[in-house]
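Here is the structure we will look at.
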Ligand SMILES: [Zn+2]
């Protein structure tokens with residue numbers, strides 16, 4: 001039933017996209033015909049031609065237009081009426097409309113990207129979906145008048161037309177909200193990944209006012225420095241090592257992909273090999289998210305304030321290859337760095353920390369991206385202009401502090417967060433937050449945090465707190481705590497509601 005609905009959604013996506021592409025091609029043909037006699041048209045002339053062409057061919061059909069057109073020609077095999085999709089009554093009508101909405105979204109994303117209204121990675125011209133090639137998914141929307149989606153119990157969800165579906169994960173958290181009459185299901189998106197089906201339930205509910213626990217308040221503020229060598233360093237000295245599952249799984253993935261490449265097109269072996277590749281990819285994604293879940297839950301439940309840096313993930317993972325005229329430098333090294341960053345999943349880390357902080361009453365402070373956290377001494381505020389990525393130890397030229405580079409950054413991040421959240425600190429020296437005057441020549445960003453105005457000054461709060469280390473204290477500093485995964489005996493970790501809804 002799920003595959004059938006996903007197939008119907010794919011069909012309706014292609015149907016809607018076909019109509020949209022035809023309209024768009026008619027528009028470009030009409031516009032180019034109007035511009036034909038002009039050798040070098042000015043932007044005004046192009047705009048005028050576009051407006052005239054729009055008048056000729058009409059606007060791009062929206063999902064509502066497409067739905068209307070489809071209703072007129074869908075047919076019905078129950079009454080032996082021929083049409084484009086006489087089988088439509090066998091699936092939920094939401095599967096059809098969700099495909100059409102997705103076609104709208106695909107075109108919007110492309111338009112917005114071309115107009116520079118969309119950040120992030122490049123969006124190509126919408127493409128048609130192919131069975132077995134594109135990701136299977138469909139969305140069922142909640143019917144206000146006739147509620148059709150329901151969380152039956154912790155293990156089952158009721159979907160229109162499909163019926164009750166048994167789940168692998170647990171919906172305890174949703175049940176609790178349903179019991180308090182606070183739950184409103186908006187939609188369910190069902191998707192297939194690596195041979196498994198996932199249901200993402202979108203709900204609306206009033207945000208509960210959660211206060212941090214006494215233990216969290218006592219713990220105060222923690223600064224988190226996310227890195228590549230070690231995944232995260234906390235300002236209390238805890239080191240969260242990089243899981244590095246990525247590299248082991250990467251080998252398995254390469255093996256599976258090679259096996260796939262050796263198979264013949266259209267053979268049964270090829271289908272099997274493709275399934276194997278998808279499975280390894282899905283496993284990698286699952287391992288990554290479950291690790292991030294462990295770390296972010298621990299942070300959100302352990303402290304009242306969590307400070308992280310606003311890392312430019314898209315910029316950090318951008319390819320270093322450069323252009324033909326300006327080839328990038330250190331392309332191979334950068335490619336390795338990119339993979340490590342993606343393995344750790346910075347973006348996902350921040351996303352989880354954001355919603356979990358609100359669950360547990362913690363406050364997430366995102367410190368400015370241009371804070372010179374790596375170059376500034378966490379004890380006296382001196383800044384080292386010569387620090388490079390290779391220097392693993394920070395040595396202060398003013399007070400003599402020698403401290404792990406990442407720990408120094410984490411302490412600075414915590415201090416910056418304390419300054420932005422504590423109103424009593426007003427009037428104290430503030431952080432210099434200067435944007436860099438130039439961008440690196442080769443287009444790569446070796447360490448975004450350290451690209452800044454060399455004249456910028458930075459001071460940490462002047463009273464010595466637990467987050468600041470005195471001169472020369474590094475020698476007597478205990479070795480950093482090793483990270484341990486949450487234990488069953490861990491009171492805070494034991495009631496962790498592992499998000500059943502994560503897709
Ligand atoms: Zn110093």
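The values are calculated or read from the model by the stated rules, or taken from the named source; none is laboratory data. Owing to the predicted nature of the structure, the values given are computational and were not obtained by experimental measurement. Positions of Cβ are backbone-derived with ideal geometry, glycine not excepted, and every protein chain shown enters the neighbour counts.
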- Task: Determine if segment 50-62 includes at least one residue that is within 16 Å of residue 14 (Cβ to Cβ) and either assigned by TED's automatic domain parsing to the domain that holds residue 13 or surrounded by fewer than 16 Cβ atoms within 10 Å (Cβ to Cβ) (or both).
- Result: yes
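Yes/no per residue for (1) under 23 Å from residue 23 (Cβ atoms); (2) without any contact (Cβ under 8 Å) to a residue 40 or more places away in the chain:
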{"site": "66", "(1), (2)": "yes, no"}
{"site": "85", "(1), (2)": "yes, no"}
{"site": "90", "(1), (2)": "no, no"}
{"site": "139", "(1), (2)": "no, no"}
{"site": "153", "(1), (2)": "no, yes"}
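Matching residues to (1) surrounded by fewer than 20 Cβ atoms within 10 Å (Cβ to Cβ); (2) at pLDDT below 80; (3) in a loop (DSSP other than H, G, I, E, B); (4) within 14 Å of the ligand (Cβ to nearest atom):
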{"position": "352", "(1), (2), (3), (4)": "no, no, no, no"}
{"position": "355", "(1), (2), (3), (4)": "yes, no, no, no"}
{"position": "359", "(1), (2), (3), (4)": "yes, no, no, no"}
{"position": "371", "(1), (2), (3), (4)": "no, yes, yes, no"}
{"position": "379", "(1), (2), (3), (4)": "no, no, yes, yes"}
{"position": "386", "(1), (2), (3), (4)": "yes, yes, yes, no"}
{"position": "397", "(1), (2), (3), (4)": "yes, no, yes, yes"}
{"position": "400", "(1), (2), (3), (4)": "yes, no, yes, yes"}
Being outside the structural domain of residue 26 (by TED's automatic domain parsing), in contact (Cβ under 8 Å) with a residue 24 or more places away in the chain and not in a helix (DSSP H, G or I) narrows 135, 121 down to just 135
In segment 25-84, anything within 39 Å of the chain's Cα centre (by Cα) and on the phi > 0 side of the Ramachandran plot is listed as 58
The number of residues in segment 402-419 that are within 11 Å of the ligand (Cβ to nearest atom) and closer than 21 Å to residue 299 by Cβ is 1
Those strands (runs of 3 or more DSSP E) completely within segment 185-284 that have 3 or more residues that are surrounded by 15 or more Cβ atoms within 10 Å (Cβ to Cβ) and out of contact with any strand residue (DSSP E or B) (no Cβ under 7 Å at 6 or more places or on another chain) are none
Checked against (1) at pLDDT below 90; (2) closer than 24 Å to residue 8 by Cβ, residue 153 satisfies every condition except (2)
Check segment 305-314 and report whether any residue there is within 23 Å of residue 409 (Cα to Cα), modelled with pLDDT under 50 and surrounded by fewer than 19 Cβ atoms within 10 Å (Cβ to Cβ).
yes
Report whether or not residue 330 is in the same structural domain as residue 238 (by TED's automatic domain parsing) and either at pLDDT below 50 or away from the ligand (no atom under 16 Å from the Cβ) (or both). yes
- Query: Taking the stated definitions as given, is residue 85 touching a strand residue (DSSP E or B) at 6+ places or on another chain (Cβ under 6 Å) and either surrounded by 13 or more Cβ atoms within 10 Å (Cβ to Cβ) or not in a helix (DSSP H, G or I) (or both)?
  - Reply: no
Selection from segment 225-238 of residues touching a helix residue (DSSP H, G or I) at 6+ places or on another chain (Cβ under 7 Å) and at pLDDT 90 or above yields 234, 235
